[in-house]
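Accompanying notes for the structure given below.
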Amino acid sequence: MRLAPMMRSIDLILLIALVAVVSWTFKVKHDSQLELERVAELEKQIAAEKVEIDLLKSDWSLLTSPARLQELVERYSQELQLEQMSATQIAKENELPGFRLPNLPDEGESFADTDASIKTGSVKRGGE
């Protein structure tokens, strides 16, 4: 008879443990469902932001199109006193990085007369 009361206490402990595990499992499942809903909402927001970015890019390209800007310059040139800009106002040729003038032939000289020692590797000449 002593075995029966002992089994009841173990049964009670196991029942409490079972209820705790089931409660914890339910809580984890509920939290994960809430997070999945949050992720789905964020993905919708990201998609909407991408559409908005594409729309803004297209607006920007329309606003900065050269034809539109030229029309605005012509329309408001008197009020704004705008003048056409030359490329040398931004930088001179010698100020550009990596810029070098090509070796052009002098007057009366052709490209064939300039430097015959230039080799391209595409055509072999006589004994070369």
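So the values come out like this:
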quantity	calculated
Unique residue being modelled with pLDDT of 95 or more, surrounded by 10 or more Cβ atoms within 10 Å (Cβ to Cβ) and either part of a helix (DSSP H, G or I) or not polar (S, T, N, Q) (or both) when the list is Phe26, Phe99	Phe26
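Residues are listed down the side, and each one gets a yes or a no for (1) touching a Pro at 6+ places or on another chain (Cβ under 9 Å); (2) in a helix (DSSP H, G or I); (3) at negative phi; (4) of a type in the set (Val, Ile, Thr):
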site: Lys44; (1), (2), (3), (4): no, yes, yes, no
site: Val51; (1), (2), (3), (4): no, yes, yes, yes
site: Ser58; (1), (2), (3), (4): no, yes, yes, no
site: Ser61; (1), (2), (3), (4): no, yes, yes, no
site: Tyr76; (1), (2), (3), (4): no, yes, yes, no
site: Leu82; (1), (2), (3), (4): no, no, yes, no
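The values are calculated or read from the model by the stated rules, or taken from the named source; none is laboratory data. Only a predicted model underlies this, so the values are computations on that prediction, with no experimental measurement involved. Don't worry about glycine lacking a Cβ; one is built from the backbone with ideal geometry, like all the others, and counts go over all protein chains shown.
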